[in-house]
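Here the structure comes first, spelled out in structure tokens, and everything after it is commentary.
The values are calculated or read from the model by the stated rules, or taken from the named source; none is laboratory data. Note that the coordinates shown come from a computational prediction; the quantities given were computed from them, not determined experimentally. Quick reminder, even Gly has a Cβ in these numbers, built from the backbone with ideal geometry, and neighbours come from all protein chains shown. Quick note on the areas: whole protein, heavy atoms, side chains included, nothing else; ligands and nucleic acids left out. Shrake-Rupley method; radii C 1.70, N 1.55, O 1.52, S 1.80 Å.
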Amino acid sequence: MCACSFIAGGINVAKHHITNNIRRLRFDHDEMTQKALAEKTGVTRQTIVAIEKAKYSPSLELAFQIADVFGVKLEEVFGYAP
Amino acid sequence: MTYQEKNIIVSLTATILVFSIFFARLSGMCQDGLFDGPDGLRLIGKSILILMAANVAATVILTIVFNIVFAIATGDPKPSFVVDERDKQFELRGLQTMLYVTGAGFLLAMIALTAGWAAYQVFLVIIISFALGDVTGNLVRLFLYRRGY
């Protein structure tokens, strides 16, 4: 698995500097579950988990969809920390 | 374990099973000297075509069985088959790895050919590199799914 880590991780060189408030926003919206958010945005629950942990950066389209679900602007959901 | 991870394991199982049987048969044919004759390359070609068909059939059958068992085990007759952007990214990374390994194997095969190896041995190196590439690509995908990103 060390080789797999090298191959898989080495391909994705850039570190993720994108932060998000998805977890807080979910709780503020009637304690929406990750599964509910996933269904509303058309992705899997595991993708939402990875996004919340800031381990996976969503595409622009998905980011806008998530913001649209909460009815807020994109900047209120995601932030960038260089 | 997610549905995609289990699907990858099914695919890995099919590949390993089919290629193991293939190489076991090929080993016997090599020892019998069937590849040394004038029809050796034709026999290799025929074996590869059968291998490809068997691989597809094994994957299809195992996938069908797996989906039936999965539906019974989860109690969900229609499991979700959502394929999102993360799944596609993992698939591409697996494909990239598969191509690297297969390409390296092909290069080795060409070096072997230059070194004077027999044609059927070179074909076997190419087949092995395809098998290793497929397995490695699936292992990378499995690793990415287990890690989550």
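Below are the figures for this structure:
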| read-out | value |
| --- | --- |
| Surface accessible to a 1.4 Å probe, B:MET29 within the full protein complex, Å² | 30 Å² |
| Protein accessible area in the stretch B:3-147, 1.4 Å probe - carbon and sulfur % | 71 percent |
| Cα gyration tensor shape for the stretch B:2-149, rounded if a/c is under 1.5, else prolate or oblate | oblate |
| Highest-fluctuation residue, B:PHE19, B:PHE106, B:PHE70 considered, GNM on chain B with Cα pairs under 10 Å | B:PHE70 |
| Packing-based order for A:53-65, B:6-18, using average beta carbon neighbours within 10 Å, highest first | B:6-18, A:53-65 |
| Average other protein chain Cβ within 10 Å of Cβ, residues B:1-8 | 1 |
| Accessible solvent surface per residue of the stretch B:3-147, calculated while the other protein chains remain in place, 1.4 angstrom probe, Å² | 58 Å² |
| Span-like helix ranges in chain B, DSSP H, alpha carbon extent 18 angstrom or more, Kyte mean at least 0.5 | B:3-31, B:40-74, B:119-147 |
| Accessible area buried at the A-B interface, both sides summed, 1.4 Å probe (Å², nearest 100) | 1600 Å² |
| Inter-chain Cβ neighbour average for residues A:72-82, partner chain, 10 Å | 0 |
